Amino acid sequence: MVTTDRTFDRSSLGAFLRTRRAALQPDDVGLRRGQRRRAPGLRREEVAELCTMSADYFARLERGDGPQPSEPMVAAIARGLRLTPDERDHLFLLAGHRTARRGLRAQHVSPGLMQIMDGLTGNTAQVMGPLGETLLQTPSAMALLGDQTHYTGNARCAPYRWFTDPAARERYDPAEHGTKSRINAALLREAVTRDGPGSPAADLAGVLRRTSEEFAQRGERHEVGLRWSDAKRFVHPQVGPLELYCQLLLEPDEGRSLLIFTATPGTESHENSPCSR
């Protein structure tokens, strides 16, 4: 059952969705315009696919006769429609919820970053949240690292998986595991200091101290200021060792980061890597 925090305004929600859909052009989401497109904006079916929901459900919301969407569903709609943070919060209010909770805000990807990702579909790239949540991946990024977007709960955060799930380390060079543990612990410590007690970072650190002896030991060293190297060494289950370069682009206001992986032309990694296909 959906908990209602405010009045669910079906009519205004439907009108808002229709105007946002009409304002979104195929080029904005990496789609071809085609010659049979009569009405402005995207089709309902296209938006529904972007929001990972059925076209019938989205059509009912637009008509104003659909059920109240849950908070995660509203977050998916906000992402699919490439809404700005202000538009996202307005959508939450229309849907009968308070403005997006901190955890859901962390999952929102800005329209500009979404547009960049739309143009990188043939590249190996992914968008990360402030605690290492993988928010978006291109197909070749999934081929390189596996699907990292399906996790729920604490497992959504890369540091949690690193210290609690041995499978999380399988695609990384064993010689670098110790260094990666130090960096994961240091970055989480910095996030706790930055965000304060009661923050998602503090909650995650508390869980890891109780569940991972390695993390607890790393935390006692109070290391900060460690950063990832641009050079990445992977062990892919099908093609073996890979040496890649990682370009990091930051969106400081929202805490998102865009990672783009490339291989040096002419190298064995370039020949074998999903980044080159």
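The values are calculated or read from the model by the stated rules, or taken from the named source; none is laboratory data. This structure is a prediction, so every number in the text was calculated from the model and none was measured. In this analysis, Cβ positions are derived from the backbone assuming ideal geometry, glycine residues included, and neighbour counts consider all displayed protein chains.
Looking at (1) part of a loop (DSSP other than H, G, I, E, B); (2) touching a Cys at 6+ places or on another chain (Cβ under 7 Å), which one does Y151 not meet, given that it meets all the others?
(2)
Look at T152 and say whether it is in contact with a helix residue (DSSP H, G or I) (Cβ under 9 Å, 6 or more places away or on another chain), hydroxyl-bearing (S, T, Y) and in the same structural domain as G240 (by TED's automatic domain parsing).
no
Kindly indicate whether T164 is surrounded by 16 or more Cβ atoms within 10 Å (Cβ to Cβ), among the hydroxyl-bearing types (S, T, Y) and at pLDDT 90 or above.
Numbers: surrounded by 16 or more Cβ atoms within 10 Å (Cβ to Cβ): yes; among the hydroxyl-bearing types (S, T, Y): yes; at pLDDT 90 or above: yes.
Taking the combined requirement at face value, the residue satisfies it.
For the range 64-75, give me each residue that is assigned to a helix (DSSP H, G or I) and crowded, with 17+ Cβ neighbours inside 10 Å.
E71, M73, V74, A75
Considering the range 134-161 alone, what residues qualify as being buried (at least 16 other Cβ atoms within 10 Å of the Cβ), without any contact (Cβ under 8 Å) to a residue 40 or more places away in the chain and among the hydroxyl-bearing types (S, T, Y)?
T134, T138, Y151
Of these, A125, A141, which one is over 29 Å from G66 (Cβ atoms), in contact with a helix residue (DSSP H, G or I) (Cβ under 9 Å, 6 or more places away or on another chain), among the small types (G, A, S) and not in a strand (DSSP E or B)?
Just a single option satisfies the conditions, and that option is A141.
Determine which member of the set S140, S181, S212 is within 21 Å of the chain's Cα centre (by Cα) and hydroxyl-bearing (S, T, Y).
Numbers: S181 fails: within 21 Å of the chain's Cα centre (by Cα); S212 fails: within 21 Å of the chain's Cα centre (by Cα).
After ruling out the rest, the residue left standing is S140.
Out of all the residues in the range 45-59, which are over 18 Å from the mean Cα position of the chain (by Cα) and either in the same structural domain as T138 (by TED's automatic domain parsing) or crowded, with 17+ Cβ neighbours inside 10 Å (or both)?
The answer is E46, V47, A48, F58, A59.
Are any residues in the range 225-235 at pLDDT 90 or above and under 12 Å from Y172 (Cβ atoms), and if so, which ones?
K232, R233, F234, V235
Failed condition for L113, given (1) at pLDDT 90 or above; (2) under 14 Å from R256 (Cα atoms), with all others met?
(1) is the only condition that L113 fails.
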